[in-house]
Amino acid sequence: MINKKSILVFPGAFQFVKNYGNYNGVDIWLKNGRRGKIPKTDFIVGHSAGAIFALTLSDNFQGCKFILINPPIKKRNILNLFLRWIKFLILEGIRTEKVVPITNWIYGLKKLSKLLKIDTLEIIKKIPRDNLVIIRGKKDKFFCDQESGEIIKNNNINVIEVEAGHDWNEKIAGVVNELISSN
């Protein structure tokens, strides 16, 4: 926790909360993960598909600050997204220890399929601008690409672009820490 602020992280598809530093969070991609009510918090940090999950909580967390990292803005079908994910794995890479066990993948694919049906932009538009920041990696060519960045800007949504790709890294973590410390 930074300055006694409560923070919850919702990780990107098929990833663990532990990949995001010392923040508390919910391992939403594990079939035997945490169940039950998600506690009230000061900040919700959602990465990629985890950002979509975080947005589904927005009605219950009014007044909470949302930090969304590379959220999928454009609706894409599961096949298109799968092809992008393969490209992401090949071109940007992800260490295997960051990914949930394969025994959770069917559960994760079902959850991802449901999340992809959600219109993230419509939910984002309903969140007060003072309670929302999007961090976009300038080198994200997979899920929150340049076109998505333009959509975000054209809707007057606060976006911080960093020299990063799609996955969580030290540059994104630094911006998240800065945002939390300054609020």
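The figures follow:
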{"item": "Longest to shortest principal axis, alpha-carbon extents of the range 7-181, angstrom", "result": "40, 36, 30"}
{"item": "Charge dipole magnitude, Cβ of K and R +1, D and E -1 - the chain, Cα centre, debye nearest 20", "result": "600"}
{"item": "Helix-only [θ]222 nm of the chain, DSSP H runs n ≥ 4, -39500 (n - 2.57) each, per residue, nearest 500", "result": "-9500 deg cm²/dmol"}
{"item": "Cross-link pairs 5/75; 65/117; 18/139; 75/171; 4/74; 40/87 - those with Cα-Cα distance over 31 Å", "result": "5/75; 4/74; 40/87"}
{"item": "Computed label-point distance, nm, for sites residue 119 and residue 83 using a 7 Å Cα→Cβ extension", "result": "2.5"}
{"item": "Residue of 117, 126, 171 that the Gaussian network model of the chain assigns the largest fluctuation, springs spanning Cα pairs under 10 Å", "result": "126"}
{"item": "Segment residue 169-residue 150, length gained on full extension (0.36 nm per residue, minus Cα span)", "result": "4.6 nm"}
{"item": "Candidate aspartates and glutamates for bridging to residue 111, where Cα separation is under 13 Å - those fewer than 8 sequence places away on the same chain excluded", "result": "27"}
{"item": "Among 10, 62, 113 - extreme Cα towards positive end, dipole of the chain, charges at beta-carbon", "result": "113"}
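None of the figures in this text is laboratory data; all of them are computed from the coordinates on show. The model shown is predicted, which means the values in this text are computed figures rather than measured ones. Positions of Cβ are generated from backbone atoms using ideal geometry, with glycine treated the same way; all protein chains shown enter the neighbour counts.
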